[in-house]
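Student: Following this message is one structure expressed as structure tokens.
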Amino acid sequence: MNWENILEFARGPFFQVALLVFVAGMAYRLVRVLALGWKPDRVKAKGSRVGGVAVSFLKGIIIWPFVPWVKNTFSRNPVIYLAGGLFHLGLFVVIFLGTAHMLVWKSLLGIGWFTLPLPIVDWLAAGAIVAMIALFINRLVNPVLKLLTGPAEWLNWLIVFLPMVTGYIMTHHLWLEYDTLFALHMLAVDVLLIWIPMSRISHFMFYFFAKAIHGSDFGKRAVTP
Amino acid sequence: MEKSQTAVNTFVKETGAWIAAQLEACTRCGMCAEACHFYQGTGNPEYAPVWKIELLRRAYEQRFTLSGKFKLALGLEKAVTDADLTHWSEIDYYACTMCNKCSMVCPMGINLGSMIHDVRTGLSNAQAVPADLHAAVEKQENEGSPLGVTDAVFKQRIEWVADEWEIELPVDVKGADTLVVFSSIEVMKFPSNLAAIAKIMNAAGEKWTISTKGREVVNFGFYEGNEELTVLFASRVFDAAKELGVKRVMVTECGHAYDALRWSAANFMQVPAGIEVTHIAGVLGEFVKSGRIKLKPGAYDNDGAITFHDACKIQRRGSHIQEPRDILNILAPKSFKEMTPNKEEAICCGGGGGVIAIKDADPIRYAAFELKIDQIKKANAKTVAMVCSNCRLQFTDSVQHFNLDVKVAGLSQMVADALVEK
């Protein structure tokens, strides 16, 4: 077995299995939560619940975390805002607006889209990697994070970090053979896909629920979320 | 049954999809800590809001999720024990005013405040409530008020206020429009507030009444998270309102009662139809705007800077953000100064949520108040106005504790003193 075979396996059958586990796992998680039942809020609203939800998402997507409107908290823990923001920005740009990844999406979905020039994607990828290291250190030293962090959190960090760092090294043709790095990158991606539904990395799905609940509660009370 | 089992059963029962989705959305990033005045004041990481819902999370995951069951089986995480209840009782009752500022900071928007209330319900069912808080709850159950305002005391207090301030306080008037329900903090500690509010209602020509049956607006059951008593205490108010046939119930300078009666009651009990619940802050705004009362412009402009403290349940959770400011801009257009942060992002007083009723919580309550002191100093304020008696109690007590040269004022009192006779 050589790296070429491993690459074939990692981008072929293993990738398909990983995708399946990812989709099925997330669907299971979603159903498991929704099956617990939703209690309607019977309180008469003063403001608009829908409006609150809209503002909540708008603030979440457009403003946070680049313009930290919550006074006091930004200055008290800037690392988590800046590194957290940069990490997510870099991740989204690389996954959706990097040409190589767009082509993967195109092969999966059948449609392609506009991508950003490589240097921009590359710098953001580097930024995301640096941000992840900052978040790692932050988790080690921040007293609250020390309390909250267990094996699951470290594992999450590692499993997200590996695809990023292998992808970066691969793009820059550093140290190892291209095929070797490509295989390692694909293996890391496969592991990530399988791991997401089993971990808190799945927060991106529940984000929409939490933000909507938040916006609706504030909207009901006629307070800006 | 073990206490911990009772608590876990409550958590499981309370965990609908809306709770589960929020627990699942949490990334354990710890940002909420920086919003919490108790964490900021003390630096104790256990006061991070996310840590306050730890028991709820564990109960949920171990019961409903594969990863939770897996972690439990591997011994990576423990089941909830009786010792945990004792430990978290201090965290959740001593160090949380349910002000919900954390939810504004959470990148996921998780409504931590209401989930901490759910944790309290579990602790309440398992009888893991701080003794002095629970004693106050029992007192309200048996005497009608956590501060010992029995029927006789209430009657005597009302008569005394009417006499002392030469003011008319209509009692049990059927067919009145507005039922005014005071908190016993006002009745016992700030009685001039009763006179002030009566004066304002009379001046506005409002058809109002107080009730001898629904005479206590505070709801210590709500603080404790005791579902049964929360309903009982709220029913006393709603039953009185129904009996008197009023159109609306007005909560006086009390925050959590407004949250309970206006924003939560319909979700835990049958609320009588056609009776609106409103707050004195909103009513003052309405009276001034419609010209039903007239205020002396600039009445407080010669007494140093005045700032306004936003109460978590009345402003951030109750939306009466603008009315007090409109009023202060009439009363003190030159000397009204905002603290930073303010309005929905304001820092809580540190005494709400039942915290001030717990003696052992005094040190952290004062520690949280130091954030307020810093704000007041930065605004260079000589007077702090507010519309919540619980905040006012915390301010009065803490100002004395820290020996500060700051005047603490209820907005109703300021309005009543600046009324222009028509």
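Student: Suppose a student asked you for the relative contact order of chain B, using Cα pairs under 8 Å spaced at least 6 residues apart; what percent would you report? Each step should come with its number before you reach the end.
Tutor: Values: 755 pairs, mean separation 70.4, N = 422.
After rounding, I find 17 percent.
Student: May I pose another question? If you roll a 1.4 angstrom probe over the protein chains with everything in place, what fraction of the accessible area of chain A belongs to carbon and sulfur, to the nearest %? Working shown, then result.
Tutor: Values: 8960 of 11890 Å².
Carbon plus sulfur share of accessible area: 75 percent.
Student: Got a number for carbon plus sulfur as a percent of region B:3-128's accessible area, 1.4 Å probe?
Tutor: For region B:3-128, the apolar C and S fraction of the accessible surface comes to 56 percent.
Student: Could you tell me which of B:198, B:187, B:161 has its Cα farthest along the dipole of region B:131-259 towards the positive end, charges placed at Cβ (Lys, Arg +1; Asp, Glu -1), taken about the Cα centre?
Tutor: B:198
Student: Mind checking the per residue accessible area of region B:3-128 for me, 1.4 Å probe, whole number of Å²? Each step should come with its number before you reach the end.
Tutor: On the way: 3590 Å² over 126 residues.
Per residue, region B:3-128 has an accessible area of 28 Å².
Student: Loop-only trypsin sites (Lys or Arg not before Pro) in region B:14-114, please: DSSP not H, G, I, E or B, and at most 15 other Cβ atoms within 10 Å. Show your work: numbers first, answer last.
Tutor: Details: sites: B:28, B:52, B:57, B:58, B:63, B:69, B:71, B:78, B:101; in loops: B:28, B:78.
Passing sites in region B:14-114 are B:78.
Student: List for region A:23-55: residues with 30 Å² or greater reduction in accessible area, all protein chains versus chain alone, probe 1.4 Å?
Tutor: Residues losing area: A:28, A:29, A:32, A:33, A:36, A:38, A:39, A:42, A:43, A:44, A:46.
Student: Relative contact order (percent) for region B:322-383, with alpha-carbon contacts under 8 angstrom and 6 or more residues of separation? Walk me through the intermediate numbers first.
Tutor: On the way: 27 pairs, mean separation 21.8, N = 62.
35 percent.
Student: What whole number of Å gives the distance from the Cα centroid of region B:319-388 to the Cα centroid of region A:118-188?
Tutor: 44
Student: Given Cβ point charges of +1 (Lys, Arg) and -1 (Asp, Glu) and nothing else, what value in debye, to the nearest 20, does the dipole of chain B about its Cα centre take? Write down the numbers at each step before the final one.
Tutor: Numbers: 46 positive and 53 negative charges, 188 e Å.
Charge dipole of chain B: 900 debye, to the nearest 20.
Student: Okay, next question. Among the listed pairs A:220/B:289; B:155/B:189; B:199/B:294; B:337/B:372; B:213/B:247, which are separated by more than 19 Å between their Cα atoms?
Tutor: Numbers: A:220/B:289 23 Å; B:155/B:189 16 Å; B:199/B:294 12 Å; B:337/B:372 15 Å; B:213/B:247 17 Å.
Too far apart for the 19 Å limit: A:220/B:289.
Student: Can you pull the semi-axes for the protein assembly as shown, root of five times each eigenvalue of the Cα gyration tensor, sorted largest first, whole Å?
Tutor: On the way: eigenvalues 529, 138, 93 Å².
So the three semi-axes of the protein assembly as shown are 51, 26, 22 Å.
Student: Please calculate how many Å² of accessible area region A:127-196 carries per residue, with a 1.4 Å probe and no DNA, RNA or ligand atoms counted.
Tutor: I get 46 Å² per residue for region A:127-196.
Student: Leaving out ligands, DNA and RNA but keeping every protein chain, what accessible area does residue B:216 have, in Å² rounded to the nearest 10, with a 1.4 Å probe?
Tutor: 10
Student: I've got another one for you. Any chance you could check region B:72-114 for residues losing 10 Å² or more of accessible area when the partner protein chains are in, compared with the chain on its own (1.4 Å probe)?
Tutor: The answer is B:76, B:101, B:103, B:104, B:105, B:107, B:108, B:109, B:111 - residues whose exposure falls by at least 10 Å² when every protein chain is included.
Student: Okay, moving on. Comparing the chain by itself with all protein chains present, which residues of region B:296-325 are at least 40 Å² less accessible (probe 1.4 Å)?
Tutor: Listed in order, they are B:317, B:319.
Student: Taking region B:188-237, which trypsin sites (Lys or Arg not before Pro) meet the DSSP loop condition and have no more than 16 other C-beta atoms within 10 Å? Spell out each step's value before the answer.
Tutor: Working: sites: B:189, B:199, B:207, B:213, B:215, B:236; in loops: B:189, B:207, B:213, B:215.
In loop regions of region B:188-237 (DSSP not H, G, I, E or B), the sparsely surrounded trypsin sites (Lys or Arg not before Pro) are B:189, B:207, B:213.
Student: Another question, then. Ignoring ligands, DNA and RNA, how much accessible area is buried between chains A and B, both sides summed, with a 1.4 Å probe, to the nearest 100 Å²?
Tutor: Details: alone 14470 and 17380 Å², together 26750 Å².
Protein heavy atoms only, the A-B interface buries about 5100 Å².
Student: I would also like to ask the following. Mind jotting down the distance between the C-alpha centroids of region B:38-110 and region A:201-225, whole Å?
Tutor: One Cα centre to the other: 20 Å.
Student: Another question about this same structure. Let me make sure I get this right: for region B:254-400, a, b and c are the square roots of the gyration tensor eigenvalues over alpha carbons, sorted descending. Under 1.5 in a/c it's rounded, otherwise prolate if a/b > b/c, else oblate. Which is it? Numbers along the way, then the final one.
Tutor: Values: a/c = 2.33, a/b = 1.06, b/c = 2.19.
It is oblate, given that a/c is not under 1.5 and a/b is not larger than b/c.
Student: Counting partner chain Cβ atoms within 10 Å of every residue's Cβ in A:74-87, what's the average?
Tutor: Working: counts 3, 1, 6, 6, 0, 0, 6, 3, 0, 0, 4, 1, 0, 0.
Per-residue shielding by partner chains comes out at 2.
Student: Below 8 Å between Cα atoms, with a sequence gap of 6+, how large is the relative contact order for region B:137-289 in percent? Present the calculation step by step, with values, prior to reporting the outcome.
Tutor: On the way: 244 pairs, mean separation 37.0, N = 153.
Reported as a whole number, the value is 24 percent.
The values are calculated or read from the model by the stated rules, or taken from the named source; none is laboratory data. It should be emphasised that the depicted structure is a prediction, and the values quoted were computed from it without experimental measurement. Virtual Cβ from ideal backbone geometry, glycine too; neighbours counted across all protein chains shown. In case anyone asks, the SASA skips ligands and DNA or RNA and just uses the protein heavy atoms, side chains included. Shrake-Rupley method; radii C 1.70, N 1.55, O 1.52, S 1.80 Å.
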